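The structure appears below as structure tokens.
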Amino acid sequence: TFDHELGDSLAFVHAQENWARDPSWLGPLAGIHAALAAVPDSIEGLTSLPGRLGTPGNPANVFELLAPQNAQHGLWNLVDLLALAGAIALTVVAYRRLGLPFALFSVASLAIATSAPGETLPLHSMVRFVMVDFPVLIAGATLVAARPQLRTGVLVTLGAVTAVAGVAFGRAIW
């Protein structure tokens, strides 16, 4: 127990302060609202990249191009927002195909993940939160189970995204 070992029974909540995340009284609506409000800045950060291509002092390596803060934050925010949207859609699928208990687990997981938005990245680590939301993963598997070509496409795409993310993480970009 946290109280016995750390002297703080709410240590898991207080640890979020290190990530510039504060629980909001609006609950999950706070994270969703903050992420949607950041979309224009995210798109601006990403669309500014092509204008910098080929200019002196700008590297041609795509990973180095994503290094500027505004572009990097823009990419992360949009990826986290897409992960949340996909998880919400798959939660509906989980409800229809797996039943209410699985859907409630997924709703609770997403509510926790969105209830404490970050300052610079409102849905920071949403992909990580979705990865442990097992009803969402099962629901996704039920959608592609009977479609071999779609299943292969999904697996190849996820493998490629994982490889790119691994390289980006290894280069201290992600």
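The values are calculated or read from the model by the stated rules, or taken from the named source; none is laboratory data. Keep in mind the model is a prediction, meaning the values are calculated, not measured. Ideal geometry is used to build each Cβ from the backbone, glycine not excepted, and the neighbour counts take in all protein chains shown. Surface accessibility is based on the protein's heavy atoms, side chains included, excluding ligands, DNA and RNA. Shrake-Rupley method; radii C 1.70, N 1.55, O 1.52, S 1.80 Å.
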**Prompt:** Scanning for something at positive phi and open to solvent by less than 40 Å² (accessible area, probe 1.4 Å), does the stretch 123-130 turn up at least one residue?
**Reply:** yes
**Request:** Hey, can you tell me all the residues within the stretch 117-155 that are touching a Phe, Trp or Tyr at 6+ places or on another chain (Cβ under 6 Å) and either modelled with pLDDT under 85 or over 22 Å from Pro101 (Cα atoms) (or both)?
**Result:** Leu121
**Evaluation of Leu98 against (1) open to solvent by less than 70 Å² (accessible area, probe 1.4 Å); (2) closer than 29 Å to Glu44 by Cα; (3) aliphatic (A, V, I, L, M) (one fails), failing number** = (2)
**Prompt:** Between residues in the stretch 150-172 that are more than 17 Å from Met131 (Cα to Cα) and residues that are open to solvent by less than 70 Å² (accessible area, probe 1.4 Å), which pairs lie under 6 Å by C-beta distance while being six or more apart or on different chains?
**Reply:** Leu150/Val144; Arg151/Val144; Arg171/Phe63
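I need the full set of residues from the stretch 85-111 which are touching a residue at least 40 places away in the same chain (Cβ under 8 Å), β-branched (Val, Ile, Thr) and within 27 Å of Val13 (Cβ to Cβ), in order please. Full working, then the answer.
So in the stretch 85-111, the residues touching a residue at least 40 places away in the same chain (Cβ under 8 Å) come out as 86-87, 90-91, 93-94, 97-98, 110-111.
Going one step further and asking which of them are β-branched (Val, Ile, Thr), we end up with 91, 93.
Selection gives Thr91 alone.
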**Fill in**
When the stretch 138-174 is checked residue by residue, the ones that are of a type in the set (S, T, N, Q) and open to solvent by less than 60 Å² (accessible area, probe 1.4 Å) are Thr142
**Message:** Here's a check for you: in the stretch 107-122, which residue that is surrounded by fewer than 16 Cβ atoms within 10 Å (Cβ to Cβ) and of a type in the set (A, V, I, L, M) is farthest from the chain's Cα centre (by Cα)?
**Reply:** Ala108
**Message:** Looking at the stretch 141-174 only, could you name the residues that are touching a Leu at 6+ places or on another chain (Cβ under 8 Å) and closer than 24 Å to Gly31 by Cα?
**Reply:** Ile173
**Asked** Which numbered condition trips up Leu104, out of (1) in contact with a Lys or Arg (Cβ under 7 Å, 6 or more places away or on another chain); (2) open to solvent by 40 Å² or more (accessible area, probe 1.4 Å); (3) under 26 Å from Trp25 (Cα atoms)?
**Response** (1)
